[in-house]
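> Structure provided below as structure tokens; questions to follow.
Here, each number is a calculation from the coordinates, and none is a lab measurement. This is a predicted model, so every value here is computed, not measured.
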Amino acid sequence: MNRNRIILLLASMTTLILGPGAGHLIIKEWKRAIFFIVLAAGLFAILGIAFISEVGQETLAAVANYENLEKFKNIYNKFQDNNPKMMLFFDIFFAALWAYSVVDIFIVAKNKGMLKK
């Protein structure tokens with residue numbers, strides 16, 4: 001196995017473990033890495049804003065300490081139950097982003113000639 005294939009394997013495994021864009025940092029695709037990381041962070045920000053707007057900041061303040069983690073879990077489960085379409089959208093879009101991030105590593109590697117024997 002040559003060096004390029006090991007780097008490619010490391011990049012794809014890093015993306016699978018750490019999330020979209022992480023493997024692009026290994027193959028030095030900075031703009032693509034930033035794109036995928038920002039997109040993933042944006043998805044989590046949208047989910048977080050929706051969660052805070054529904055449950056209220058007072059509720060979050062009430063469960064902010066570690067003693068009330070079970071209460072927070074119940075609040076989040078209720079949020080999921082009340083917003084099935086949004087949760088489905090988030091799950092599908094994030095999974096697609098993550099999968100495409102891995103595929104994009106191989107596309108970039110092919111264009112750079114890293115897959116040649």
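> Mind checking which of Ala11, Ala64, Ala95 has the largest fluctuation in a GNM of the chain, springs on alpha carbons under 10 Å?
Judging by the Gaussian network model, the answer is Ala64.
> Another question, if that's okay. Pick the calculated Rg and Dmax of the Cα atoms in Å for this structure from (1) 15.7, 53; (2) 12.8, 35; (3) 18.7, 60?
(3)
> Further question on the same structure: Can you return the aspartates and glutamates within cross-link range of Lys85? Criterion is Cα-Cα under 17 Å, with same-chain partners fewer than 8 residues away left out.
In chain and number order, the partners are Glu54.
> Here's another thing I want to ask about it. Just how far, in whole angstrom, is the stretch 59-117 from the stretch 3-53 if you go by their alpha carbon centroids?
Computed from Cα coordinates, the inter-centre distance equals 11 Å.
> Then there is this: Have a look at Leu18, Leu69, Leu88 and tell me which one the Gaussian network model of the chain (Cα, springs below 10 Å) gives the largest fluctuation.
Highest fluctuation of the listed residues: Leu69.
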